[in-house]
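Take a look at the structure below.
Coordinate-derived values only; no laboratory data. Remember, predicted model here, so these are calculated numbers, not experimental data. All Cβ positions, glycine included, derive from the backbone under ideal geometry; neighbour counts span all protein chains shown.
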Amino acid sequence: MSDLLTLDKVALSYHTAGGETEALKSVSFSARRGEFLSIVGPSGCGKTTILSVVAGLLTPTSGSVLLDGAPVGPPDGNVGYMLQRDTLFEWLTVCANTLLGLRVQKKLTDESRAYARSLIEKYGLGEFADSYPTRLSGGMRQRAALVRTLAFRPKLLLLDEPFSALDFQTRTDVAEDVRGIIAQEGVTTLLVTHDVPEAVCMGDRIVLLSPRPAVVKEIVDVGIPGTPSERRASPRSARLAEEIMEKLRREDG
Amino acid sequence: MKRKTNGSGELTPHERYLLGVRRGKLIVRLWQILLFIAFIGLWELLTAVGWIDPFFTSSPSRIIATIAELMADDFMYHIGVTLLECTIGFTVSMALGSAIAVCLWLSEAAQKIAEPYLVVLNALPKIALGPLLIIWVGSGAKAIVLMAVLICIIVTVISVLEGLCSAAPDKLLLLRSMGASRLQLLRYAVLPSAVPAFLSVLKINVGLSWVGTVMGEYLVSGAGLGYLIVYGGQVFKTDLVMAATVTLCALAALMYGAVALAERLYTRSKNKRRAPDKI
């Protein structure tokens, strides 16, 4: 399997009036094509910063980020970013929302429009295509946001705690849902979360980060087959999650 | 819900509630009308019995007579002049003010540089610029329109800019991650977010553009309602002053009504777009 994404000794410091804050010290990992990678770490350790760097929204102070062999520059539609909240535009219909990326990237053709429409239908939003997002439930909204991200066919999908705004029951359902769609579309994905069991249920591998400034402490192979709910039910996942949390705690101290 | 409209005409709790709401609204409206009639009636009565001198306060009947008299003369011309000045002032300040706000949004540096100027200009009593306006553009309708624009435009810039800046940061982040340019941010997220601010400034400016126009007419002008008021005051014709003031009130209310109607139509069309949903 070839690597789609490679981060090599990525470091990043913020400058504010109060001084310089080192967010990332040296982050190196790679994601294979079609892989689902979970990134966990203590809160405030720079997880979101990593996603911003990969998305091209922030330029690292040093180190390199390669996507499909090419260095990552300003956002160009190769990376799809899903934020903590679904951020559907309330003045656009669900259909218009899903076309947003295509419109911005000037890739709106009959073909791409039909593709977006097919995703809408395929993932059960057809009935709501011409409705406004206010009509959708929390889970449906996340699904619409995912379809919007997939519609412009990004090579890489970034999920920034996409379920944190949902209540527990919805959260597990939506996680199942989103994981299923991603598996079906075969997109390489980075998931950032502070919820270790969630990371275990969703990811093929898990990147463990240290507290800020972040370095990669370890990369764990999950190696548990099945959908998130099947994994959630398996005692192996619980054990693995416990192990990972123990490791994170140790790094805290 | 079960409707319980049996023979005795008993109401369900919800119907009773709706009836109560409707009755409450009716009472408010009734009081509003009553107050108006009482005020007019008292005014007329007190002047009729001579408790107050209509030479100073005029009276409703004399105002009506004066308006009728003026109508036969050139009242419509004066109304037309003021209405035109006010409408031009309103439109120009809305368009120009919004355009300036968008430009300031596009350039963060310009926004920061402009900030103290906006604050000072906002605090400055624009009437102080009156003499300068006359020197610059002469003492005609131009000076009046300019006065109206000066009064409205700063508020427009400040409010619209605030509306533009109210766009949710995560929407902007999302668009930026899609590769959106600053103009695309403006088009897809920032302008739609500013619509409520725009509508509210529209209503504020209806009032302010009248202030500006009448103030301008006080300063210069040989026609218009403001001119009639100043002229009436100088020759001690309170009937004329009052007649022009009442007309101003009516026109301002009419213009406000038009803007409020436009806003309602806008929200209704927005709701209608939401209507054909199946759940």
From the square roots a ≥ b ≥ c of the eigenvalues of the alpha-carbon gyration tensor of the protein assembly as shown, which class results: rounded (a/c under 1.5), prolate (a/b over b/c), or oblate? prolate
Between residue B:68 and residue B:270, what FRET efficiency follows from the Cβ-Cβ distance if R0 is 30 Å, with the result rounded to 0.05? 0.10
Name the helices (complete DSSP H segments) of chain A with a Cα length along the long axis of 15 Å or more and a Kyte-Doolittle mean of at least -1.0, or state none. A:138-151, A:168-185
Using a 10 Å cut-off on Cβ atoms, rank the peptides A:124-131, A:67-74 from the highest mean neighbour count down. A:124-131, A:67-74
Whose amide H sits under 5 Å from the amide H of residue A:131, counting only residues 5 or more places off or on another chain, with H placed in the peptide plane? A:94, A:95
Computed for segment B:180-279: size of charge dipole around the Cα centre, +1 on C-beta of each Lys and Arg, -1 on C-beta of each Asp and Glu, debye to nearest 20, value 860
Which percentage, to the nearest 5, of the DSSP beta bridges contained in segment A:119-253 is antiparallel? 50
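Within chain A, what percent of beta bridges assigned by DSSP are antiparallel, to the nearest 5?
50
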Built amide H within the under 5 Å cut-off of residue A:222, gap 5+: A:205, A:206
Just A:191, A:146, A:88 to compare: in a GNM of chain A, with alpha carbon springs under 10 Å, which one fluctuates most? A:88
Among the helices of chain B (complete DSSP H runs), which have Cα atoms covering no less than 15 Å along the helix axis and a Kyte-Doolittle mean of at least 0.5? B:13-48, B:60-72, B:75-106, B:141-165, B:191-219
With the charge dipole of chain A built from beta-carbon charges (+1 for Lys and Arg, -1 for Asp and Glu) about the Cα centre, the Cα from A:169, A:180, A:220 projecting farthest to the positive end belongs to A:180
Plugging the Cβ-Cβ distance of residue B:87 and residue B:123 into 1/(1 + (r/R0)^6) at R0 = 30 Å yields, to the nearest 0.05, a FRET efficiency of 0.65
Under 8 Å for C-alpha pairs, at least 6 residues apart: give me the relative contact order for chain A, rounded to a whole percent. 26
Take each of the peptides A:195-202, A:159-166, B:126-133, average the number of other beta-carbon atoms within 10 Å over its residues, and list them starting from the highest. A:195-202, A:159-166, B:126-133
How large is the charge dipole for segment B:60-274, taken about the Cα centre, if only the Cβ atoms of Lys, Arg (+1) and Asp, Glu (-1) carry charge, to the nearest 20 debye? 1060
Under the helix-only model (-39500 (n - 2.57) for each DSSP H run of 4 or more, divided by the residues of chain A), the mean residue ellipticity at 222 nm, to 500 deg cm²/dmol, is -11000 deg cm²/dmol
For the protein assembly as shown, what proportion of DSSP beta bridges, expressed in % and rounded to the nearest 5, is antiparallel? 50
Report, by chain and number, residues whose modeled amide H sits under 5 Å from the one on residue B:180, excluding near sequence neighbours (fewer than 5 apart, same chain). none
Which percent of Cα pairs goes in each bin when the distances of chain B are cut into 10 angstrom slices starting at zero? 6, 19, 23, 21, 16, 11, 4, 0
Need one number: nm distance between label points at residue B:40 and residue A:249, each 7 Å from Cα along Cα→Cβ, rounded to one decimal. 8.1
Computed for the protein assembly as shown: size of charge dipole around the Cα centre, +1 on C-beta of each Lys and Arg, -1 on C-beta of each Asp and Glu, debye to nearest 20, value 1040
Within 10 Å of each Cβ of B:167-175, how many other protein chain Cβ atoms are there on average? 5
Set the bar at 23 Å for Cα to Cα. Now go through A:122/A:155; A:122/B:270; A:106/B:171; B:25/B:270 and name every pair that lies beyond it. A:122/B:270; B:25/B:270
